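Please read the structure below before turning to the comments.
Values in this text are rule-based calculations from the coordinates and carry no lab data. Not measured: the values here are computed from a predicted model. Here the Cβ is made from the backbone with ideal geometry for all residues, glycine too, and neighbour counts use every protein chain on show.
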Amino acid sequence: MLTRPLLNLLACAVVSLSLITTRTACAWADWIPGEFTYQGKPVIEHHCVPAAKGSSPAVIVLHGAGPRGSADGEMEKICDALARAGYYAEYIEYYSQTDDVTPGQPEKIKENFPVWLGEIRAGIDQLNHNPRIAPNRIGMMGYSLGAFLSLATGATRPGKIAAIVDYYGALPAALDPMAANLPPVLILHGDADKLVPVVRARQLDTLMNEAKRPHEFHIYPGANHAFNFPIPVWYNAADAQDAWDRSLAFFAQYLGGKPAPRTEASAR
């Protein structure tokens, strides 16, 4: 249960992130808007296309809980950095057919979770029909709630996702028996996380070990939730850079992209 002081802290963090992203929302020229449909209704996405011609591996990027649009600026930078590393990066706005949520609304998250999964699955199907995407080379990078959704997608759609980078999320407990379906997963978590306790990351590590599934597991001592976003209460530049370097190395191993030039550490 989230305490009121913790929820107040999270609210301050969300406001801080909103202010930051407002200033950086137009930082990248190749942030291309688009949409696809799920059950006849539109789902908004933005994508960044790598410079190389021909087919490329793809990475779906998913934000965490919070006001709609509050993380768009950072997500744009992440997609741009992925494109520079050789990936077709697609940011799916899974709030397209629902209200937005905060971490303090577990019942609302539970209610909307199936819709979000459906939107993401439709996005995967759309990418599989895109000639720019290399067959069987789609990965996912999820942050917090986005990591829960990424892991749930991997567990329930075996063979559709080639790799997942999990930033401080977890596999929903109801899907623990399906952990053997997961693709290779990179688990990145802080041991001082107040929103998603690090025990959830350790549980996923155990499940994947028991299922003999390839994965990597890295815990950041003293790091809180969202440690790689430029939010004053949680940000850690060294951990952010290390997590990004590990993410690119992991995708390079399983999707075939390449590490990008070292950049100023933030969410990317």
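Using Cα positions and a limit of under 16 Å, work out the aspartates and glutamates in reach of K53, with same-chain residues fewer than 8 apart set aside.
D30
On alpha-carbon atoms, Rg over Rh for region 4-254 using Kirkwood Rh?
Taking Rh as the inverse mean 1/r over Cα pairs, Rg/Rh reads 0.93.
Under the Karplus relation 6.51 cos²θ - 1.76 cosθ + 1.60, θ = phi - 60°, what is the ordered set of whole-Hz ³J(HN,Hα) values for region 47-58, x standing for Gly and Pro?
Result, ordered by residue: 9, 10, 9, x, 5, 5, 7, x, 7, 9, x, 10 Hz.
Among the lysines, which fall within straight-line cross-link reach of K77, defined as a Cα-Cα distance under 19 Å, with same-chain neighbours fewer than 8 residues apart omitted?
Cα-Cα hits under 19 Å: K258.
Give the long-range amide H neighbours of A223: residues separated by 5 or more places, or on another chain, with amide H under 5 Å away, using H modelled in the peptide plane at 1.01 Å from N.
Long-range HN contacts for A223: D191, A192.
Anyone know which of H129, H189, H225 comes out most mobile in the 10 Å Cα GNM of the chain?
H129
Any idea what the relative contact order of region 4-254 is, in percent, if you count C-alpha pairs under 8 Å spaced at least 6 apart?
Reported relative contact order: 16 percent.
Could you give the size of the charge dipole of the chain about its Cα centre, using +1 on the Cβ of each K and R and -1 on the Cβ of each D and E, expressed in debye and rounded to the nearest 20?
That gives a dipole near 380 debye.
Toward the positive end of the charge dipole of region 189-248, about the Cα centre and with charges on Cβ (Lys, Arg +1; Asp, Glu -1), which of A243, F229, N209 goes farthest?
My answer, from the dipole projection, is N209.
Under 18 Å Cα-Cα from K108, which aspartates and glutamates qualify once same-chain neighbours fewer than 8 residues away are excluded?
Partners within reach: E93, D99, D100, E119.
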